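Below is one structure, written out as structure tokens; comments come after it.
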């Protein structure tokens, strides 16, 4: 069975999960560590655009993009062609041994695409966590300071240092300590929960007050923040919050790091989410959507910071793998040639319209937020702001049973997030949203 790009609905030919997925799940449980969980108990066989087909022949509408990775759609033809071409040339030499042009071209593109017109340099890695950790290495080396500030609700990865930066204990940190030292936490701007009178500048003053009292600018190497928080709940800070933080960092010689792992590479309707606020970070971390499903990440930043590290201090055996670089170059071209920045804004208009209608009729939807194709609803007890993780779990489970890939997030587990590929059709989007509406109705 081949996937259709015009299929208007999930086409479930068997129950979910089907017999082949159930057999594979049994094998998974016997072979894979229990600590590796899965959102849905179905096994993928192939995917294209906004659809995923499982091993039993069920077609699923993809509102998750592999957690914001397949931004240009699963198996985009241009990405497939670029990867096949590179595989035929060579798969690996290690850039630190015998370098190759695709790595340089990716660095050139990121230097041009990231915010600001200053002189920049880029270094490539494999995962978002690895890139975040290296951004902090660079900041510490350049400033000769050690302290780092992250924020409430933050998620930055699963390595020891990035777990220290991450706010949520379960499942990311519980039982894995002790963590890297000299990491401090400041309050985030959270408009839905901050209350009246706490606008962006006020929230920034609150955060800066905590930073100055608990850390002190003289010992602070970097402030690292997601311009739109991902796992923490798709929290969009109030206007002016990021700019005030960046200004304070500049005035105090602190490196301002934008973690754009989930929000970057056209996801929000701009190439990077900080572009919406006119903020120019010192260092930008990108990953996830950068290479169409292949492992690649990057740190891009001011040349004087990036070049402060001694030769050999940055790198890795697989960092900037040539196949992943070829995929990334294809992704950049597809975004530009297919107008996917505008497509992200069109998706926002469509989805916000539908979610707004649901919110007007359902007091359990406390907030609708996000930018571009990075949108979410926060579910609460009616008439309050008390989180309702049980409802969120039930809505997601219903969607999964009807063939819609939907993800949850949030510190309290009460946020349903939507991350569709930018190549998903309007018809597929509407059908996916129809299922979410049915799920909310069924959970009353």
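Couple of notes before you dig in:
- For region 79-337, Kirkwood radius (reciprocal of mean inverse C-alpha pair distance, Å): 18.6 Å
- Contact order normalised by residue count of region 79-337, Cα under 8 Å, 6+ apart, percent: 30 percent
- One way to sum up the overall shape of region 103-251 is the equivalent ellipsoid from its Cα gyration tensor, whose semi-axes run 24, 20, 17 Å, largest first.
- For region 79-337, the antiparallel share of DSSP beta bridges with both residues in that region comes to about 40%.
- Cα shape, region 68-129, gyration tensor, a/c 1.5 rule: oblate
- Globularity index of region 324-444, i.e. its alpha-carbon radius of gyration over 2.2 N^0.38 Å: 1.14
- Computed over region 21-92, Kirkwood Rh from alpha-carbon pairs, angstrom: 14.2 Å
- Rounded to whole Å, the principal axis extents of the Cα atoms in the chain read 60, 59, 44, largest first.
- Taking every alpha-carbon pair within region 201-248, the share separated by more than 14 Å comes to 55 percent.
- Contact order relative to length of the chain, as percent, for alpha carbon pairs under 8 angstrom and 6 or more apart: 23 percent
- Fraction of antiparallel bridges per DSSP, the chain only, in percent to nearest 5: 65 percent
- More than 16 Å apart - percent of Cα-Cα pairs taken over region 360-429: 51 percent
- Cβ-based exposure ranking for 155, 190, 103, in which fewest neighbours within 10 Å come first: 103, 190, 155
- Over all pairs of different C-alpha atoms, region 1-150 has a mean inverse distance whose reciprocal, the Kirkwood radius, equals 19.5 Å.
- Shape summary of region 63-184, radius of gyration then Dmax from alpha carbon positions: 17.9, 47 Å.
- Exposure proxy ranking for 341, 283, 419, based on other Cβ atoms within 10 angstrom of each Cβ and starting from the fewest, stands as 341, 283, 419.
- Going by neighbour counts of Cβ atoms within 10 Å, the residues 156, 48, 276, 118 line up, fewest first, as 118, 276, 48, 156.
- Each stretch of four or more DSSP H residues adds -39500 (n - 2.57); spread over every residue of the chain, this sum gives -11500 deg cm²/dmol at 222 nm.
Every read-out reported here was derived from the displayed coordinates using simple, explicitly stated rules and does not represent laboratory data. These figures come from a predicted structure and were not determined experimentally. Virtual Cβ from ideal backbone geometry, glycine too; neighbours counted across all protein chains shown.
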